[in-house]
Amino acid sequence: MIGAVDIGGTKIAVGMVDDNGKVLSRMEAPTDPNRYSDSMELIAHMLRKTAQRAGAEISGIGIGSTGPVDPMRGEFGDVDFLPGWRGKSPVKDLSAVFNVSVALENDGDAAALAEAGWDAGRNRTRLIYVTVGTGIGGGIVLDGKLYRGVDGAHPEVGHQVLDPAGPQCSCGFRGCWESLAAGPAMVAWFRHNAPEKDPHREGITAKRICELARAEDVIAIKAMETEAYYLGLGLANLINLFAPDAIVLSGSVMKSSDLFLDRIRALIRSGCRFVPAEKTDLTLASLGDDTNLIGAARVWHYRTTVPPQ
């Protein structure tokens, strides 16, 4: 039984996951961005509690975390929104508490491992996981192994540049994929293009834009078309670069995927003529709300069976 820990910017989820990727018990708590030691005590408490509820002993602990992490050292990097966690090692600290092996990965990589090992991408040796929500992130599995860049770096698929004249992004460039196709980009496009007196301008969200598009609101439909265009461009780039067996899509924006998946597929067909794009399965993530927890558990399985890269 693997203790799974999903560390996000606003909440921490902890649960017990069996060898088939099934979550047997889980708990959640708010993330304290400043008090790392207190957070480790809270995580340890939740691990004990969920293990008790599942009636199991913890065999190992897997961690998936937002932000930059060093998976080999088991440490947090320069996480802007978790200032008290920078340079800390949850791998070392939880291993000392539970006397079991602990493994840490970026949450996008963790989710990619989960889908590749246990669900939508099962038996797909070349898989790219993309999550589209408040940002765009993901993970890449090639030949059954998690792809790492130089010094073990996590590839930032959301920061490929699509339009150098586009909106400024926190990464330093203009017009990267995230700045054009994530949820906030949909909101920014709607506000910029809706008439001043449009009753929906104030307080609009990506979810609400999708609802309005279903109700045939003209501006919302145009927002959907723009979203499909930029999402499709980014995915086409990934297909041209990696020619994967599958791309698995997840995140809050993809909950309305029926509004733009057909347009995305048409764009890919029009621009990926030199690779067998029709053989890349564009599919939705199938592990649901437990994806990150299952991914955290999969991290432990992966790191204890695959030699370090």
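The values are calculated or read from the model by the stated rules, or taken from the named source; none is laboratory data. Just so you know, these numbers come straight off a predicted model, no measurement behind them. Positions of Cβ are generated from backbone atoms using ideal geometry, with glycine treated the same way; all protein chains shown enter the neighbour counts. Side chains are part of the model used for accessible areas, which takes the heavy atoms of the whole protein and leaves out ligands, DNA and RNA. Shrake-Rupley method; radii C 1.70, N 1.55, O 1.52, S 1.80 Å.
Looking only at residues of segment 41-52 that are under 28 Å from the mean Cα position of the chain (by Cα) and open to solvent by 80 Å² or more (accessible area, probe 1.4 Å), we find that the one that is farthest from Val23 (Cα to Cα) is Glu41. Just to be sure, is Arg298 farther than 17 Å from Lys22 by Cβ, buried (at least 20 other Cβ atoms within 10 Å of the Cβ) and touching a residue at least 60 places away in the same chain (Cβ under 8 Å)? It is false that Arg298 is farther than 17 Å from Lys22 by Cβ, buried (at least 20 other Cβ atoms within 10 Å of the Cβ) and touching a residue at least 60 places away in the same chain (Cβ under 8 Å).
For the residues Arg35, Arg126, the requirement of being among the basic types (Lys, Arg), more than 14 Å from Ala296 (Cβ to Cβ), in contact with a Pro (Cβ under 7 Å, 6 or more places away or on another chain) and open to solvent by 20 Å² or more (accessible area, probe 1.4 Å) singles out Arg126.
When you look at Gly166, is it outside any helix (DSSP H, G or I), under 28 Å from Asp262 (Cβ atoms) and not charged (D, E, K, R), yes or no? It is true that Gly166 is outside any helix (DSSP H, G or I), under 28 Å from Asp262 (Cβ atoms) and not charged (D, E, K, R). Pairing each residue of segment 217-237 that is in contact (Cβ under 8 Å) with a residue 60 or more places away in the chain with any residue that is assigned to a helix (DSSP H, G or I) and not charged (D, E, K, R), provided the two are 6+ apart or on different chains, yields C-beta distances under 6 Å for Tyr230/Leu180; Tyr230/Ala181; Leu231/Ala181; Leu231/Ile264; Gly234/Trp177.
Considering segment 173-258, the qualifying helices (runs of 4 or more DSSP H), each wholly inside and each with 2 or more residues that are of a type outside the set (Asp, Glu) and farther than 28 Å from Lys279 by Cβ, run over 183-193, 206-214, 218-242. Residues considered: Ile294, Ile268. Of these, the only one that is in contact with a Gly (Cβ under 9 Å, 6 or more places away or on another chain) and more than 16 Å from Tyr129 (Cα to Cα) is Ile268.
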